[in-house]
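This report refers to the structure that appears directly beneath it.
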Amino acid sequence: MKRVSLTQYLVEEQRLHNTIPAELRLLIEVVARACKTISHAVSKGALGEVLGSAGSENVQGEVQKKLDVLSNEMLLEANEWGGHLAAMASEEMETIHPIPNRYPKGEYLLLFDPLDGSSNIDVNVSIGTIFSVLKAPEGMKEPNEEAFLQPGSKQVAAGYAVYGPQTVLVLTTGNGVNCFTLDREMGSWVLTQRDMKVPEETKEFAINASNARHWYPPVKRYIDELLAGKTGPRGRDFNMRWIASMVADVHRILNRGGIFMYPADAREPDKPGKLRLMYEANPMAFLIEQAGGAATNGKQRIMDIQPQKLHERVAVFLGSKNEVERATSYHME
Ligand code: P6P
């Protein structure tokens, strides 16, 4: 494949499909550049004095790793001055982050999980950045939290970076899904997979099986049938993967199919699941649907959910269409 850079790809999208306004192109390039700096910091590991905990907790009550805080700061600094954003929101910050008055404001809202899977940082397992782009309500220059509470179907772009054996950036602006690999020598993102598609069938499922005794009946039935394999109602064997890093599990599924599940369970009946709607489930749902897969919370399409709170959690079933539809149908019975 002729090497096409992210910049060239975005310019062509803008020129040929008129789908990416110049301001959105700038935003994506700035986020991609921030992911390069995060990749650089992550890859230093113990040599960069960046491992271990930051000695603080985030709004979720989770211990923050130094790299969580560092990645968050890198994304804030990279995006503050560009003039393309009205405000930002992050898993690592309780409230929204308005653009400082010394900078011009734009029409986009950027939401991100700066470093997802951070429990894997200190043991050198793939981690990543997840981001979602919404438009600020018309003419709203001082957005409040309310402005962010839009369903996932309103996203104009979404993507993730995986900091793994390769550093890749996977992106959609509503016209399919493309993957770019970081060429470290040139410092540029190179298009390496065009128009990714999630196979509708799969033999792989991803779930944290240690929670099995807490699962509600529809999940228990669905997983038990997979475990029964050839001898059970599915009539074929299945394989299991759980990396405990959503970006890595989703990237595998985008490449070879699979179903990723983080269901609600009986441990905390009023907690709808572990993953966050606005900056984990919604961007991943947008990417998976753009690649021909499906994403539900067990009852409805994730991108149809009207958010009530910035950091609200949601149950997640996403990946190969046929499996997501089956697992969801068990919840409807
Ligand atoms: P558990 C990482 O902390 C994360 O938010 C996702 O990336 C990952 O899929 C999930 O939580 C792992 O959760 O309960 O298996 O540690």
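The values are calculated or read from the model by the stated rules, or taken from the named source; none is laboratory data. Quick caveat, the model's predicted, so the values are computed rather than measured. Reconstructed Cβ throughout: ideal geometry from the backbone, glycine too, with neighbour counts over all protein chains shown. For accessibility, only protein heavy atoms count, side chains too; no ligands or nucleic acids. Shrake-Rupley method; radii C 1.70, N 1.55, O 1.52, S 1.80 Å.
Straight distance only, please: which aspartates and glutamates reach the Cα of K66 with their own Cα at less than 12 Å, same-chain residues fewer than 8 apart left out?
K66 reaches E49, E57, E92, D122.
Going through segment 205-268, which chymotrypsin sites (Phe, Trp or Tyr not before Pro) have at most 16 other Cβ atoms within 10 Å and a DSSP loop state?
Of the chymotrypsin sites (Phe, Trp or Tyr not before Pro), the ones in loops of segment 205-268 whose Cβ has at most 16 other Cβ atoms within 10 Å are W242.
Give me the percent of the accessible area of segment 6-193 that comes from carbon and sulfur atoms, probe 1.4 Å, all protein chains in place.
It is 50 percent, rounded to a whole number.
What is the dipole size for the chain, taken about its Cα centre, with +1 at each Lys and Arg Cβ and -1 at each Asp and Glu Cβ, in debye to the nearest 20?
Around 880 debye, computed over the chain.
Which number gives the lysine pairs in segment 204-332 that have C-alpha atoms under 20 Å apart and are eight or more places apart or on different chains?
11
Specify which residue in the list N322, W242, N282 is farthest towards the positive end of the charge dipole of segment 204-332, using unit charges on the beta carbon of Lys, Arg (+1) and Asp, Glu (-1), about the Cα centre.
W242
In the chain, which helices (entire DSSP H runs) extend 30 Å or more along their own long axis, judged by Cα positions, while averaging at least -0.5 on the Kyte-Doolittle scale?
Length and hydropathy pass: 22-44.
Suppose only helical runs count, i.e. DSSP H with n ≥ 4. What mean residue ellipticity at 222 nm does that imply for the chain under -39500 (n - 2.57) per run, divided by all residues and rounded to the nearest 500 deg cm²/dmol?
Dividing the helical sum by the residues of the chain leaves -8500 deg cm²/dmol.
For segment 6-193, evaluate the Debye formula with one uniform point scatterer on each Cα (no solvent term) and list log10 I(q)/I(0) at q = 0.13 Å⁻¹, rounded to two decimals.
Listed by q, the Debye log ratios stand at -0.67.
Could you tell me, in Å, what Rg and Dmax come out for the Cα atoms of the chain?
In Å, with Rg to one decimal and Dmax whole: 19.4, 66.
Going through segment 1-86, which GluC sites (Glu not before Pro) have at most 16 other Cβ atoms within 10 Å and a DSSP loop state?
Those satisfying the criteria are E49, E62.
Mean separation of Cα pairs under 8 Å and 6+ residues apart, divided by the residue count of the chain: what relative contact order is that in percent?
15 percent
Roll a 1.4 Å probe over the protein chains and send me the accessible area per residue for the chain in Å².
With all protein chains present, the chain gives 43 Å² per residue.
Treat every Asp and Glu Cβ in segment 6-193 as -1 and every Lys and Arg Cβ as +1, leave all other atoms uncharged, and give the resulting dipole magnitude about the Cα centre to the nearest 20 debye.
520 debye
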